[in-house]
1. Counting other C-beta atoms within 10 Å, which of D464, D385 has the fewest, and how do the rest follow?
2. Please sort by residue number the trypsin sites (Lys or Arg not before Pro) in segment 403-500 whose DSSP state is loop and whose Cβ has at most 10 other Cβ atoms within 10 Å.
3. Using r as the Cβ-Cβ distance of I445 and R562, and R0 as 35 Å, what FRET efficiency do you calculate, to the nearest 0.05?
4. What stretch of the chain, leaving out the sites themselves, is the longest with no chymotrypsin sites (Phe, Trp or Tyr not before Pro) in a DSSP loop having at most 13 other Cβ atoms within 10 Å?
5. Scan segment 198-303 for GluC sites (Glu not before Pro) in coil per DSSP, keeping those whose Cβ has at most 12 other Cβ atoms within 10 Å, and list them by number.
6. Which of the three applies to segment 131-237, rounded, prolate or oblate, going by the alpha-carbon gyration tensor with a ≥ b ≥ c and a/c under 1.5 meaning rounded?
7. Roughly how many debye, to the nearest 20, is the charge dipole of the chain about its Cα centre, given +1 on each Lys and Arg Cβ, -1 on each Asp and Glu Cβ, and no other charges?
8. So which trypsin sites (Lys or Arg not before Pro) in segment 270-349 are both in a DSSP loop and have at most 11 other Cβ atoms within 10 Å of their Cβ?
Amino acid sequence: MMKDKVHKRSKRRDYKYIPNANHAYKVATVYAIFGSLWIFLSDSILEFLFPDIERYKYIQTLKGVFYIFITTLLIYELLRRRLRLWHIEYNKRENAYQELKLAHEELVTLENELTYQKTLNENIITEAPSIIITWDDKGRFLSVNPFGEKVTGYTQEELINGPGWKLLVPDDRLYLALETYYEIKDNDGVLNYDGAIVTKDGRRVDILWSSKILLSQSDEGGNIYVSIGTDIEERKKYEEKIKFMAYYDALTILPNRFMFEQEVNEHISKGDKFVIAYMDIDNFKNINDSIGHQAGDVFLKYFARTILEHVEDSAFVARLGGDEFAILYQCGSKEDSMTRIESLLEHTNRIWSYDNRLFYISISVGIVMYPEHGDNTSDLLKHADIAMYASKREGRNRILVYRDDLLEENSRYADMANYLHQGIDHDQFYLVYQPQYRLCSKELIGMEALLRWEHPTEGFISPDEFIPIAEKTGQIYRLERWIIRKVLEQKRLWEQQGFSNINLSINLSTKTLTSAVNFSEWEQILSDYKVDFSKIIIEITETADILDMENVIERLNILKKRGIKIALDDFGTGYSSLNYLKQFPIDIIKLDRSFINAITEEGVDTL
């Protein structure tokens with residue numbers, strides 16, 4: 001279009017040309033002819049008309065004046081006409097010049113654009129992060145860009161002088177490459193396809209190609225083709241990474257829940273009998289709370305390695321999320337499954353050390369068997385989860401096989417969790433004080449604060465039922481803050497009434513002791529009351545929930561600095577009692593009744 005405009009503006013036009021010399025000649029000629037005729041004719045006429053010499057002279061003078069006047073008018077008219085024609089011609093030439101100038105500028109702009117486009121195309125081919133190859137009907141290369149040289153390892157000269165595609169296509173793909181060539185030849189558009197190449201150093205590289213006919217020369221020389229290839233090695237690696245993320249846990253490198261469910265589905269479809277062990281780490285949250293999530297991640301990786309080291313190769317181990325793991329065993333009997341899982345627990349239930357701190361590790365396990373406990377993956381995992389949480393409710397650090405009645409217990413558990421929340425909000429809890437006497441003198445020496453709950457519809461609910469639920473749901477923290485305030489208020493009142501020598505015992509869960517935030521809030525409450533703390537006794541129940549022993553010991557010592565005494569409650573109900581006696585700053589030991597009843601006067605029990 002731009003060329004058409006330039007062509008139109010530069011089209012030749014027939015302008016009248018008026019040279020300056022010709023113009024002067026015409027004016028002079030007209031003047032000479034007119035003057036000559038005037039002289040010869042006017043004089044003869046005057047001599048005939050005026051024979052009187054005086055009269056003739058007078059008329060001759062008038063003739064001269066008239067001549068000057070007439071010639072002046074004549075010259076003026078001639079010059080006016082000629083100047084008018086010259087002005088018109090000048091304007092035409094000026095317009096023509098401006099059009100030629102504009103056409104020239106447009107041609108220069110067009111040339112610059114063409115140069116820019118050419119440079120841009122050359123830069124695209126040279127700098128593009130894609131292989132760009134032109135080739136002929138015989139598969140011989142005509143040109144290769146620098147990126148193509150970089151990927152293949154060959155120079156352009158080596159590729160052009162070589163056998164063409166046969167140099168790059170793997171031997172096992174030659175037939176496929178030939179089929180692809182015919183598809184490109186018969187296709188008017190762009191053909192996209194995957195095709196591997198072999199580089200100069202022997203590497204096999206996956207390439208995504210886009211090829212088409214660049215120039216059709218059916219009459220001579222054949223067609224010229226262009227192929228643009230993108231190295232998709234990184235894309236394939238990324239796809240593999242995405243696939244890994246979809247099926248594996250990034251932290252432990254174990255299969256994730258999705259892959260575990262697929263494995264279960266596959267065994268169900270085959271009709272295999274199998275067992276699922278659903279595991280949860282008891283009080284794993286305390287590790288995160290006490291020493292941070294980074295340490296928690298380190299522990300999870302350690303725990304995953306421990307499982308893998310102590311299960312047979314046929315077992316399928318997965319991390320389902322958080323601190324929950326699952327193992328699928330292919331085995332025939334319940335007894336065989338229990339033996340394997342108990343053996344695993346012997347290796348996982350041990351002390352874990354991190355940054356010079358010791359943590360006691362225990363796990364709760366729920367067991368389901370296919371097809372006894374469900375005929376689909378969803379039911380099996382649901383029932384395994386219910387069994388696992390039931391094992392936690394029954395004391396943790398144990399294995400529990402799913403039973404149908406656990407569904408009802410699970411429903412009761414959910415109801416109790418809701419009741420607890422409402423009970424704390426609506427002040428349904430109260431304290432009773434159990435007196436403590438010195439047996440020899442029957443003297444009242446202390447009181448133990450015991451928490452009680454009267455629900456408006458359920459009636460009295462035993463602490464044995466609601467305390468474990470409060471600990472599991474985290475509501476124990478609110479309960480214990482409420483308890484310590486009530487106890488300190490009662491202690492202050494008794495001191496005002498003159499009962500200063502009475503010891504007052506309070507139960508403190510190990511969850512508060514292992515939680516930095518909640519223990520700090522507990523400390524703040526202690527600071528709000530001015531009472532004799534030497535008469536306060538904090539009772540901690542012996543439990544395997546104590547993971548971070550060093551922090552627990554440190555916090556017990558903080559309490560002792562206030563004058564508070566530490567009592568170990570229910571001593572003798574767990575295997576680690578002696579270990580606690582050695583490490584904890586204990587002032588008082590409360591022996592569990594079962595421990596006393598087991599003492600005999602002879603045999604090993606005496607020792």
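Where a number appears in this text, it was derived from the coordinates with a stated rule and is not lab data. These numbers were taken from a predicted model, which means no experiment stands behind them. Reconstructed Cβ throughout: ideal geometry from the backbone, glycine too, with neighbour counts over all protein chains shown.
1. So the residues, fewest neighbours to most, are D464, D385.
2. K442
3. 0.95
4. Answer from the scan: 18-574.
5. Hits after loop and neighbour filter: E220.
6. Cα axes put segment 131-237 in the prolate bin.
7. 4340
8. Passing sites in segment 270-349 do not exist.
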